[in-house]
């Protein structure tokens, strides 16, 4: 088995939280997400202009698109932007 797959499974099992994710007119689905609260949003001159929430999901569970709705611990937020997708794990910034 690939070492990266094993590492992803360990990280998501230890740090993951089960959330509901939904795309426009589709029914909601459950996915395990790793949440990073308080990630810094940088301005034009690399000054911190705010704090945001990033969420990571394994591609086999969910691949984020802008506008997807994420409900985690009673808080509902839309995906504002996609940060990265390395083929195994994708990361998005949530609005609000």
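Computed from the coordinates by the stated procedures, all read-outs in this text should not be read as laboratory data. Please read these numbers as outputs of a predicted model, since none were measured by experiment. Please note: Cβ atoms are built from the backbone with ideal geometry, for glycine as well, and neighbour counts cover all protein chains shown.
Name the single residue that is surrounded by the most Cβ atoms within 10 Å (Cβ to Cβ) among those in the stretch 84-96 being without any contact (Cβ under 8 Å) to a residue 40 or more places away in the chain and assigned to a strand (DSSP E or B). Checking each candidate, the answer is 92. Summed over the stretch 64-83, residues that are part of a loop (DSSP other than H, G, I, E, B) and surrounded by 16 or more Cβ atoms within 10 Å (Cβ to Cβ) total 2.
Being touching a residue at least 60 places away in the same chain (Cβ under 8 Å) and surrounded by 14 or more Cβ atoms within 10 Å (Cβ to Cβ) is a description that applies to residue 8.
Scanning the stretch 8-38 for residues that are closer than 20 Å to residue 75 by Cα and more than 12 Å from the chain's Cα centre (by Cα) gives 15, 22, 23, 24, 25, 26, 27, 28, 29, 30, 38. Identify all residues within the stretch 43-62 that are surrounded by 14 or more Cβ atoms within 10 Å (Cβ to Cβ) and either within 11 Å of the chain's Cα centre (by Cα) or under 22 Å from residue 10 (Cβ atoms) (or both); write none if there are none. Correct list: 53, 54, 55, 56, 57, 58, 59, 61, 62.
Please go through the stretch 37-63 and pick out each residue that is in a loop (DSSP other than H, G, I, E, B) and without any contact (Cβ under 8 Å) to a residue 40 or more places away in the chain. Within the stretch 37-63, 43, 44, 45, 46, 47, 59, 60, 61, 63 qualify.
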